[in-house]
There are 2 protein chains.
Amino acid sequence: MVGGGQLARMMAPAAVALGVELRVLAEGPEVSAVAAVRTAPTGDYTDLETLQRFAADVDVLTFDHEHVPTEHLRALEAQGVAVRPGPSALVHAQDKLVMRRAVAELGLPNPQWQEVFSPQELVAFGERVGWPVILKTPRGGYDGKGVLRVDGPQDAGTGTAAGWFERATGQDDGAGLLAEEAVAFSRELSAMVARRPSGQTVAWPVVESIQVAGVCDEVIAPAPGLDPQVARAAQDAAVRLAEELGVTGVMAVELFETPGTDAGFAVNELAMRPHNSGHWSMDGSVTGQFEQHLRAVLDWPLGATDVVAGAAVMKNYLGGDNQDLFAAYPQALSAEPRAKIHNYGKSVRPGRKIGHVNVVGGAHEIQRLRQIATHAASILRDGEDRGVQPTDVTDAPEQQPWGAVPSGQDEPPRVGLVMGSDSDWATMRAAAEALEELGVPYEADVVSAHRMPTEMLEYGRTAHERGLRVIIAGAGGAAHLPGMLASVTPLPVIGVPVALKTLDGMDSLLSIVQMPAGVPVATVSINGARNAGLLAARVLGSAPDASGQDLRERLRDFAQELSEAAHRKGSALRDAVGRGTASQD
Amino acid sequence: MVGGGQLARMMAPAAVALGVELRVLAEGPEVSAVAAVRTAPTGDYTDLETLQRFAADVDVLTFDHEHVPTEHLRALEAQGVAVRPGPSALVHAQDKLVMRRAVAELGLPNPQWQEVFSPQELVAFGERVGWPVILKTPRGGYDGKGVLRVDGPQDAGTGTAAGWFERATGQDDGAGLLAEEAVAFSRELSAMVARRPSGQTVAWPVVESIQVAGVCDEVIAPAPGLDPQVARAAQDAAVRLAEELGVTGVMAVELFETPGTDAGFAVNELAMRPHNSGHWSMDGSVTGQFEQHLRAVLDWPLGATDVVAGAAVMKNYLGGDNQDLFAAYPQALSAEPRAKIHNYGKSVRPGRKIGHVNVVGGAHEIQRLRQIATHAASILRDGEDRGVQPTDVTDAPEQQPWGAVPSGQDEPPRVGLVMGSDSDWATMRAAAEALEELGVPYEADVVSAHRMPTEMLEYGRTAHERGLRVIIAGAGGAAHLPGMLASVTPLPVIGVPVALKTLDGMDSLLSIVQMPAGVPVATVSINGARNAGLLAARVLGSAPDASGQDLRERLRDFAQELSEAAHRKGSALRDAVGRGTASQD
């Protein structure tokens, strides 16, 4: 591996597990990877002879960064060195103009862009696509460097932009600068793939990547609430890029999510190496990106890309007040026992990426995972626990649009408890009480099928996306709410027939239970709201994860108590019968 | 770390992640750990001066094995070296007699045992506890070495036993041999804990460990079907041992499961270091045993011990026909993309532990995880894919006692479909068909509440232990089956009222739906078996794992088809009305 940064360092554990010998060409004796590998000679990666010496007795040459000159890579390849990714693929990650052309040729969604050679051309571009525009140096940028927002014609030929134009026109490669429209995106995504030389390509789930001041801050896998069609199209685009460009190894395709456009996304940048947006996979995927990169460049079959436990969150920790990470370990590890620390072994400088925290858990607890990761990372950064500020969890999803949650409930609701009318609460509160007894988080709301049909359908359609896993719906009379919700949600719906003044609830029961084939409702007894709560708990308790097992155990304890209570009542009755007082009860 | 075996090697990745510098005192330049760490001087761990030189500039000294002489550790400790675990704890893992006395003093479940100094004493012990008995050398045994089964008085003073007695009485420590009863155990378990010097102790779930010829072959985490009370008692025993013995670092307590005894288990052996029975945790637990050992010996707060995805299986690969592991990688990795290979970088010798395979997945797919691990490990061992023989998956749990599964269904059933009478099948098959359409594995059986009440309760009680996650029960008339099952299982029970000849099914409906508070049954419409199948799929689809998401997507497709069919019918009706033929349909 050429380059001794944290990517090379994090490759080392994967190499140990697979039994592969990893050698690193380090920039100096103190860089991140040196402490992690047996063999790490120091050398200058811009010097061809150094590269040749290093490559002389390795099987495969790969990279920690994209800065090795293309002509050196071509020379090495010509000498028979297995350079992976090869220079003709790598140039697409090295040169943003080359990348834009390739994306356009493949018909994949680009923002509007143009190569510009002068401030005048930039102004013409801005007048065409609208201001502001983004100006980029085609080569050498990373983490927001080499990217400039130009607000209007007045800024096109002054300051940084002027300097860039001057340097670009002074070069003899004849390349200009890259001008791009400022894409109206809702968030940034990343589609990561791996490809081996003999052709196999695999894709991880598309993730959300949250940037702060142009630097990756947090990654959520999979991207919450992403339209499955957009997710699939983004994966397909990344696979296609890997195949058409002949990528070997791991590639991250950074994307903008652009709701309202045809594709729903546009390509931002490419990175042909393990990438910050893939660090979550080290703990969160069956195959982490570092192991996968090794397998890919060695042309070994690629590993499964499933998310191990449903979700994962990665939070970077940048250099801050704290100079001694180890001194902050006790507090960080004790506050968050689920946090996985990845320390890059670098000296602390403000804003420098010096490590990250991964947290793995269920898809229903993404906000919790974000809090854990943010909390642990902030303790490491600050050297003390200043608590998690609401602003620390950046870019939080919108406020829960539905339902009240009980005060003090700090987990996101997993059961949606809805009823046709607030007068049903007298009956339905028994469901809420059962859920509270068993520690199951829920939300409660009135959603009338007849008085607010549109909202009712919206509630049903979005329930699973908002993390709900069961719906309990109570209604009386012509009780349509449970069945209507069941017709628009993939979740199990439990129906509670609420008895009204006439018919003893038989109207409600038959309206709820006699659903047509294809749309089931789990119906409980008339006014049986308590059982609806318990049934919802059994559904959650049937899940194969740790929280499911917890709940099953609580349900078992609960059944035990029920049995003991029945035994006590039996004993009391026997006593009463013995005393001749039973008939008085 | 003193010792350069695979345990030291596997510590290296954990050290890299935490940013800890790991140095290894290696037995030679070729041992397993040397390739994995930056600093690995060669030296003799039985030589005090070598140990002193090595310990001079480390913060903490810990071990890859238990063979460092106790007196050396005491000397180092006296000089102020942080020896973890310390010699007074470690001696319990070094000397089985010391261990038996400690377990007895703490009142934890020991097998019957005695220190014996002569064949005569051994015979007396055997006559007392019954033959065969197990004879052990107190020190130096591992992987079945130092353990001898003595079948009767005739073998007590001959062969290996005679040699051991001769050597023991020749030593000047005055110690004899350890005689133990041959415990009647159903299987072997392992309870693993970690403790830090300042006192915190954590326990992983108890695992099943399958031995072949005295060597660990496979580990299943958590131990399938283990009585939760026994599991908790075993964890408590391990925690207590760690605390009372003052253990620092990771400790494995190997156990026998002994059904029918008071405790349900007995202590077999202790290991005070990462252990083969904990390798699953590298991929399967939030905190792997190697990271935890580092945290523990450095007195850092310990990490969460949850099973990340519900279950994990570890399979060792021992040296076999194949001399070149890498040559077998393409086949192994391609056959099993979920397999995590851990290669110890050792030369291949028959029967030598040269690596292991971990597979992580849901608790419902343990048999599948075992097959994956066994398949990948056997390809590495054989150098070719000879297929997984049924005998390769050793010690398989007993045959499924309940229910027929559809032919070709290769996943274990997750839905139990039962009915009161085989005549109900005409109605209930619609549930089976819905499950098959959605690819949900199930089993089907007749379990009559009235004609086989005991078996019916047993079915309900064991359903969740056998991996079922939902029960569908159909019955007619005085339909007691769904409610009775619901009273003994923590799983959700879906009730299908089957209509008999009279009352149009209203008797069945009310018998099933009108359950008392505390015991819910999810009731569907009369004869609504198809909806019962769909509802079961929704319950499974609400789980937060990948298989849940898969199923939700299939359910969404299904709803889409249902909607399209309804649109088609509407369109056909409109056409018919337009042609004036609607009334003829």
(message) For a quick check: with amide H placed at 1.01 Å from N, whose amide H comes under 5 Å from B:THR42's, ignoring anything fewer than 5 positions away on the same chain?
(response) B:ALA26
(request) Using only C-alpha positions, report the orientation-averaged shadow area of the convex hull of segment B:112-181, nm², one decimal. (result) 4.2 nm²
(request) Calculate the dipole size of chain A relative to its Cα centre from +1 charges on Lys and Arg beta carbons and -1 charges on Asp and Glu beta carbons; express the result in debye to the nearest 20. (result) 1220 debye
(message) Tell me the angle of helix B:529-541 to the major Cα principal axis of chain B, expressed in degrees between 0 and 90 and rounded to the nearest ten.
(response) 30 degrees
(request) Take the alpha-carbon centre of segment B:492-512, take the same for segment A:239-277, and report the distance between them in whole Å. (result) 55 Å
(message) Can you compute 3J(HN,Hα) from phi for each residue in segment B:441-455, using the Karplus curve 6.51 cos²θ - 1.76 cosθ + 1.60 with θ = phi - 60°, rounded to whole Hz and x for Gly and Pro?
(response) x, 9, 10, 10, 7, 9, 9, 7, 5, 9, 9, 9, x, 5, 4
(request) Using only Cα atoms, find the angle between the long axis of helix A:228-245 and the longest principal axis of chain A, and express it within 0 to 90 degrees, rounded to the nearest 10. (result) 20 degrees
(request) Express the relative contact order of segment A:6-83 as a whole percentage, based on alpha carbon pairs under 8 Å and six or more residues apart in sequence. (result) 24 percent
(request) Among A:VAL16, A:ALA479, A:ALA179, pick out the residue whose Cα is farthest towards the positive end of the charge dipole of chain A, where Lys and Arg carry +1 and Asp and Glu carry -1 on C-beta, about the Cα centre. (result) A:ALA479
(message) Give me the percent relative contact order of chain A, please, defined on Cα pairs under 8 angstrom at least 6 residues apart.
(response) 8 percent
(request) Before rounding to the nearest 500, sum -39500 (n - 2.57) across all DSSP H runs of length at least 4 in chain B and divide by the residue total; then give [θ] at 222 nm in deg cm²/dmol. (result) -11500 deg cm²/dmol
(message) Compute the helix-to-body angle for A:159-170: its Cα long axis versus the longest principal axis of chain A, expressed 0 to 90° and rounded to tens.
(response) 50 degrees
(request) Please label the shape of segment A:415-541 as rounded, prolate or oblate, based on the square roots a ≥ b ≥ c of the eigenvalues of the alpha-carbon gyration tensor (a/c under 1.5 means rounded; beyond that, a/b larger than b/c means prolate, else oblate). (result) rounded
(message) Viscosity 1.002 mPa s, temperature 20 °C: what is the translational diffusion coefficient of chain B from Stokes-Einstein with a Kirkwood Rh over Cα pairs, rounded to a whole number of µm²/s?
(response) 78 µm²/s
(request) Using a 10 Å cut-off on Cβ to Cβ distances, tally the other chain neighbours for every residue of A:14-25 and report the average as a whole number. (result) 6
(request) Go through segment A:536-554 and flag every residue whose accessible area shrinks by 50 Å² or more with all protein chains in place compared to the isolated chain (probe 1.4 Å). (result) A:ARG538, A:SER542, A:PRO544, A:ARG552
(request) Determine the shielding of peptide B:26-38 by partner chains: average, over its residues, the number of Cβ atoms on other chains within 10 angstrom of each Cβ. (result) 3
(request) State whether segment B:188-382 is rounded, prolate or oblate according to the following rule on the C-alpha gyration tensor (a ≥ b ≥ c being the square roots of its eigenvalues): a/c under 1.5 gives rounded; otherwise a/b larger than b/c gives prolate, and the remaining case gives oblate. (result) prolate
(request) Take every Cα pair under 8 Å in segment B:449-585 that's 6+ residues apart, average their separations, divide by the length, and report that relative contact order as a whole percent. (result) 17 percent
(request) Give me the percent of DSSP beta bridges within chain B that run antiparallel, rounded to the nearest 5. (result) 70 percent
(message) Distances in nm, one decimal, shortest first, from A:ARG101 to the same residue in every other copy, taking the label point 7 angstrom along Cα→Cβ.
(response) 8.2
(request) Go through segment B:42-47 residue by residue and turn each phi into a ³J(HN,Hα) via Karplus (6.51, -1.76, 1.60, θ = phi - 60°); whole Hz please, and just put x for glycine and proline. (result) 8, x, 8, 6, 8, 9
(message) As a test, work out the antiparallel percent of DSSP beta bridges whose residues both lie in the protein assembly as shown, rounded to the nearest 5.
(response) 70 percent
(request) Find how many whole Å separate the alpha carbon centroid of segment A:422-441 from the alpha carbon centroid of segment B:166-232. (result) 46 Å
(request) Using every Cα-Cα pair within segment B:6-83, state what percent have a distance larger than 17 Å. (result) 43 percent
(message) I need the phi-derived Karplus couplings for segment A:366-373: 6.51 cos²θ - 1.76 cosθ + 1.60, θ = phi - 60°, integer Hz, Gly and Pro marked x.
(response) 4, 4, 5, 4, 5, 5, 4, 5
(message) Which log10 I(q)/I(0) values does the protein assembly as shown give at q = 0.04 Å⁻¹ under the Debye formula, counting every alpha carbon as one identical point scatterer?
(response) -0.25
(request) Within 10 Å of each Cβ in peptide A:489-500, how many partner chain Cβ atoms are there on average? Round it to a whole number, please. (result) 4
(request) Any chance you could check the Cα centroid distance between segment B:278-300 and segment A:278-328 for me, in angstrom? (result) 17 Å
(request) Tell me the distances, shortest first, between B:THR39 and the same position across the other copies, using label points 7 Å along Cα→Cβ, in nm to one decimal. (result) 2.2
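The values are calculated or read from the model by the stated rules, or taken from the named source; none is laboratory data. Remember, predicted model here, so these are calculated numbers, not experimental data. All Cβ positions, glycine included, derive from the backbone under ideal geometry; neighbour counts span all protein chains shown. Side chains are part of the model used for accessible areas, which takes the heavy atoms of the whole protein and leaves out ligands, DNA and RNA. Shrake-Rupley method; radii C 1.70, N 1.55, O 1.52, S 1.80 Å.
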